[in-house]
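Inspection log for the structure reproduced underneath, given as C-alpha cells.
The values are calculated or read from the model by the stated rules, or taken from the named source; none is laboratory data. Every value quoted in this text rests on a predicted model; they were computed, and no experiment measured them. Cβ coordinates were reconstructed from backbone atoms using ideal geometry, including for glycine residues, and neighbour counts include every protein chain displayed.
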C-alpha cells in the first residue's frame, strides 16, 4: 500500500510483444546511508588531521597578506587614538594657561592703577610725592653745548 506499485505493461519490440513485465527499479529510502556516514566521517577526519589545510595551502600568502593588513590597520588606529589624547591634553593645558594669563593681566592692571599705587606707597611709608606739574620736554641745542633748558 505505501510502497511503489510495479508496472506490468507489455512492450513490443520489432513488432512482437514481449511477455516480460516492466519493473520500476528506483531505489527506496536513503541512498547508501553508510556511504553518507562515511563521507561525514572522512571530512571530519580531514579537518582534525590537517588535510583540509593542505588543500587550501595555495591561499596562505593571501591569508598572511590579510593578517598583515589587519595588524597595520590596528596599529594605525592606536596611533591615531594616541595623537588624539595628546591633542586633547594640549588643548586643556592651553585653556588653563589662557585662564592664568587673563587672571595675571587683570591683577597687573589692578596693581598698577593710580589709587592702588598711592595706597601702596602710603602703606610702605615711602617718601615719594606726587608731582604737581606736568612733565616738560627737555631740548638740547648746539649753542648750549649740552646744557639742558626747560621750555614751558
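For the structure I just gave you, tell me whether residue 105 is surrounded by 10 or more Cβ atoms within 10 Å (Cβ to Cβ) and under 34 Å from the mean Cα position of the chain (by Cα).
Considered against the rule, which asks whether it is surrounded by 10 or more Cβ atoms within 10 Å (Cβ to Cβ) and under 34 Å from the mean Cα position of the chain (by Cα), residue 105 comes out as no.
For residue 70, are the conditions met, namely being in a helix (DSSP H, G or I), modelled with pLDDT of 95 or more and closer than 30 Å to residue 47 by Cα?
Taking the combined requirement at face value, the residue satisfies it.
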